[in-house]
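Participant: Sharing a structure here in structure tokens format.
The values are calculated or read from the model by the stated rules, or taken from the named source; none is laboratory data. Please read all numbers here as calculations on a predicted model, not as lab measurements. Ideal geometry is used to build each Cβ from the backbone, glycine not excepted, and the neighbour counts take in all protein chains shown.
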Amino acid sequence: MLSRSGLGIRTKLIGIFVLIKVIPLVLLAWFAWQGQVWLADRVSGSVVGMVQQMRETAEIVAKTTTDSAIKALDDAARESMERMTTDVARAVAAFLYDRDADIASAALLPPDAGDYRRFLAARTRGVERHHAWVLAPDGTKWVPGPEATPRYDQPPAQPSLPDQARNFNYRHPDAVGRIEARPLFLEMTFVGLDGIERVKVTSSDHMNAALRDVSRRENTYLKAETYFPALQALKPGEIYVSDVIGAYVGSPVIGPYTPAAAQKRGLSFVPEQAGYAGVENPVGKRFQGIIRWATPVVRDGKVTGWVTLALDHTHVMEFTDHILPTGDRYSPIPDATSGNYAFIWDYKGRSIVHPRHYFITGYDAETGEPAPPWMDQGLYDGWKASGQSVSDYLASVKTFDGQSWDKKGAVQQIKAGTLGLDCRYLNHAPQCTGWMDLTQNGGSGSFDIFWSGLWKLTTAAAIPYRTGQYGQSPRGFGFVTIGANVDDFHRAATESRQVADRIVAEHDADLQSRLDAVLSLVHTQVTTMAQQLAASTVMMSAVVIVIAIWMASFLTRRITAVVQGIRRFEDGDMAHRLPVQSNDEMGVLASSFNDMADRVGESFQRAEEARLRAEEASRMKSEFLASMSHELRTPLNGIIGFAELIKDDAADEEVRENAEIIEKSGSHLLNLVNTILDVAKIEAGAMTLARETVDIRTLVTDVAAIHQSGADAKGLDFQVQLADDLPPALVTDPVRVRQVLHNLLSNAVKFTQAGRVHTVVAADKDSVVIRVIDSGPGIALDLQDKIFEKFHQGDAFLTRSHGGTGLGLTLARHLVELMGGEMSLESQVGQGSTFVFTLPAGHS
């Protein structure tokens, strides 16, 4: 059948007309539209550029002005905070030097309890304590009680003279808590040369009033002091000053101690048992500590003992607990909630004053050993793995080890509430390194840190107190630090920037509306032009396409007639011929087609006659073979029968042997005739199969037994292997199954000179699989398909040596397929062959 691919002549002609006429029209319209769009884009771009430039100019002016103001305010605030920090550090140093004067005065007193008591009573200092704070009704925070709320009964002060009115700024009195006069010293003792206290006067129940041997550590304050060897080394006039010593107070809650915070951590709400934290926990346990001064008592030029004074650490905390680096300036209660607060570190970097008392390092009240400071997770894990005490482990590690925000505090210590801050091991707080850097030469300064999501300014100033051991440190007693939110410094400039941004936004909105109007006008003009160009182009294109279709139809009409005639011929109308109406190219084409059609018709007629003759010859051949096979079978059976009679009644051995030769030759010829007859029946479609119930085990065993003697004569390993799961019965044609299996076993024994011939029968789903395996010469791969063809054997030599017609395997495959099974071959040259055929278990 003729088929056409691609485009027809008519379509091609129309396409050519469109190509040479319509496309130029479209291109002209496209160029015109592009010019219009380009002009509109240039106009729009210029307008947008001017508006954008105006916006950027306004933003630059606002940003530059605001940035300059912010920098000026930040610089002023930085200077103010650094000054505040330095002033606090100098005030602390002055306070400590006054205590040096106190200890020098105490050394002049006789070691008498009355004199000591009067000495302590004369030295007091005010301590500010806030009024009671209570939990808010909703339980989310602590709030001042009625007494703690400041009241301003007087109206704001006003300037009394015009000359004072400019920038006149009045501030109400700062809120002040209760001022309590407390003794500076909690204890005053005279220690004999043997280390035993001879005189002791205390001003607080917190101190043990019994006279004790302070040369033994367990008899000192909190079992934590080891100052007696230092006393023995003092010369007249020299002063010993201890570190801050106090019992550590922990807290399982960082931040506001509220019922919700306790519940979140699975704790009971007992804030009074946790460390004091100002507004975050105003009812908690406060840190209580001392700083001990001591100096020799000299009489008649000889040291008779030492006088000691235990300073109440609370007085040191007063220097930073109430100052704020913000507009509030002071607070009667420590407040660490906003990050704007001051605190003090000692010369080693240990926290000794902090609004959150659980951050102050201290000692274990039971053992007198330092409480574990808050470590980063890696350092904490190392300590636990070492099995050492915390003091021994920390003495062996590097201090300030790679401090970084990337490190995290030990979670176990947060849960346990052991959070004392020691900068040497606080590796998850890199500001520690910054403070140590600022104060390494005894100076001061500041830097910015990003903490809790905010940029904060933090300052540090060394405390210039260098008595005793503190004279060996460039930081003196330690250093004061103050932190504040950077944004609070330039809030006014930020607010001014917000006003400027609002004004710019209003003008920008007006500019945007005008810009939108201009762009809308340009867009409308471009759209109108595009519509006009599209309409004119479509109209002209339609006219051109109509003309093109008419011309193409006229030219292709005759071609279409030829094509239709060819299709009639193709569809089987062999008598159809094309009319020849002209002498042009189309007429020549029609004549050529008619000639070709005549020759094709003649060829078809000759081919049909040859086919009929071949079918008749094949039919006659099959009938002849079937007739001859029947004619030959009768005399052959007679010959075989008489041969058997002669063999049985033979007078001598020679006659018997001749009779056996006649019998074998006749049997072989009879098998050949039967095979030829079966093949002829199959080809003629006349083969029929019986349907019987067969015991496949018995059938295979019987057929194999026929070939046992032949295999034994050749010394072959001849076995039959029957699977246990074979079906008990099989519905098939037993004669044909025996015929197939007999053929395969006969070939296997015949062609195998040594080795094995195995028959393996197994069940596979709904089939029985029979394999005949031999170790014969094998069959080449290129001959394995041909081996099942008629009159073909795998090797001509074997055919001559062993006989055979080449019909056995052909007949065997046909029989297996008629019984609903399949036959296949697996073989390698020199390795043997395996013939496999299957029989359906339910074949009928």
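Participant: Glu663 fails exactly one of the following numbered conditions: (1) assigned to a helix (DSSP H, G or I); (2) at pLDDT 90 or above. What is the number of that condition?
Facilitator: (2)
Rundown of residues vs (1) loosely packed, with under 15 Cβ neighbours inside 10 Å; (2) part of a loop (DSSP other than H, G, I, E, B); (3) in contact (Cβ under 8 Å) with a residue 24 or more places away in the chain; (4) of a type outside the set (A, V, I, L, M, F, W, C), yes/no style:
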site: Leu231; (1), (2), (3), (4): no, no, yes, no
site: Gly237; (1), (2), (3), (4): yes, yes, yes, yes
site: Gly246; (1), (2), (3), (4): no, no, yes, yes
site: Pro252; (1), (2), (3), (4): no, yes, yes, yes
site: Gly255; (1), (2), (3), (4): yes, yes, yes, yes
site: Ala262; (1), (2), (3), (4): no, no, no, no
site: Ser268; (1), (2), (3), (4): yes, yes, no, yes
site: Val279; (1), (2), (3), (4): no, no, yes, no
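Participant: Inspect all residues belonging to region 177-190 and state whether any of them is farther than 30 Å from Asp328 by Cα, at pLDDT 95 or above, surrounded by fewer than 15 Cβ atoms within 10 Å (Cβ to Cβ) and assigned by TED's automatic domain parsing to the domain that holds Ala121.
Facilitator: Scanning region 177-190 turns up no residue that is farther than 30 Å from Asp328 by Cα, at pLDDT 95 or above, surrounded by fewer than 15 Cβ atoms within 10 Å (Cβ to Cβ) and assigned by TED's automatic domain parsing to the domain that holds Ala121.
Participant: List every residue pair whose Cβ atoms lie under 8 Å apart, where the two residues are 6 or more positions apart in sequence or sit on different chains, the first residue falls within region 137-162 and is within 15 Å of Ala175 (Cα to Cα), and the second residue, located anywhere, is among the aliphatic types (A, V, I, L, M) and modelled with pLDDT under 75.
Facilitator: As it stands, the answer is Pro150/Ala175, since those pairs meet every condition given.
Participant: If you check Thr361, Thr337, which single one turns out to be modelled with pLDDT under 95 and among the β-branched types (Val, Ile, Thr)?
Facilitator: Thr337
Participant: Glu616 - would you say it is among the charged types (D, E, K, R), at pLDDT below 75, outside the structural domain of Asp733 (by TED's automatic domain parsing) and closer than 27 Å to Pro734 by Cβ?
Facilitator: no
Participant: Do we find that Leu825 is out of contact with any Leu (no Cβ under 6 Å at 6 or more places or on another chain), at pLDDT 90 or above and under 21 Å from Asn674 (Cα atoms) in this structure?
Facilitator: no
Participant: Further question on the same structure: Tell me whether region 676-688 contains one or more residues that are modelled with pLDDT of 75 or more and either surrounded by fewer than 17 Cβ atoms within 10 Å (Cβ to Cβ) or touching a Gly at 6+ places or on another chain (Cβ under 7 Å) (or both).
Facilitator: yes
Participant: For region 108-140, give me the residue count where each residue is modelled with pLDDT of 95 or more and in contact with a Ser or Thr (Cβ under 7 Å, 6 or more places away or on another chain).
Facilitator: Going through region 108-140 one residue at a time, the tally reaches 2.
Participant: Residues being more than 30 Å from Ala233 (Cβ to Cβ), part of a loop (DSSP other than H, G, I, E, B) and not basic (Lys, Arg): count how many of those fall in region 154-200.
Facilitator: Within region 154-200, residues that are more than 30 Å from Ala233 (Cβ to Cβ), part of a loop (DSSP other than H, G, I, E, B) and not basic (Lys, Arg) number 19.
So that you can scan it fast, the table gives a plain yes or no per residue for (1) part of a strand (DSSP E or B); (2) closer than 21 Å to Gly434 by Cα; (3) touching a Gly at 6+ places or on another chain (Cβ under 8 Å); (4) outside the structural domain of Gln469 (by TED's automatic domain parsing):
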{"position": "Asp328", "(1), (2), (3), (4)": "no, no, no, no"}
{"position": "Pro332", "(1), (2), (3), (4)": "no, no, yes, no"}
{"position": "Asp335", "(1), (2), (3), (4)": "no, no, yes, no"}
{"position": "Tyr358", "(1), (2), (3), (4)": "no, no, yes, no"}
{"position": "Thr361", "(1), (2), (3), (4)": "no, yes, yes, no"}
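Participant: Given the condition of a type in the set (Gly, Ala, Ser) and in a loop (DSSP other than H, G, I, E, B), answer yes or no: does some residue in region 736-753 qualify?
Facilitator: Scanning region 736-753, I find no residue that is of a type in the set (Gly, Ala, Ser) and in a loop (DSSP other than H, G, I, E, B), so the answer is no.
Participant: Looking at Ala29, Ala69 in this structure, which one is of a type in the set (A, V, I, L, M), over 27 Å from Thr481 (Cα atoms), assigned to a helix (DSSP H, G or I) and at pLDDT below 70?
Facilitator: Of Ala29, Ala69, the one residue that is of a type in the set (A, V, I, L, M), over 27 Å from Thr481 (Cα atoms), assigned to a helix (DSSP H, G or I) and at pLDDT below 70 is Ala29.
Participant: Right, here's the next one. How many residues does region 89-108 contain that are without any contact (Cβ under 8 Å) to a residue 40 or more places away in the chain and not hydrophobic (A, V, I, L, M, F, W, C)?
Facilitator: Total satisfying the criteria: 2.
Participant: Condition first: assigned to a helix (DSSP H, G or I), free of Cβ contacts under 8 Å to residues at least 24 places away in the same chain and farther than 24 Å from Thr810 by Cα. Can you find one or more residues in region 722-731 that meet it?
Facilitator: no
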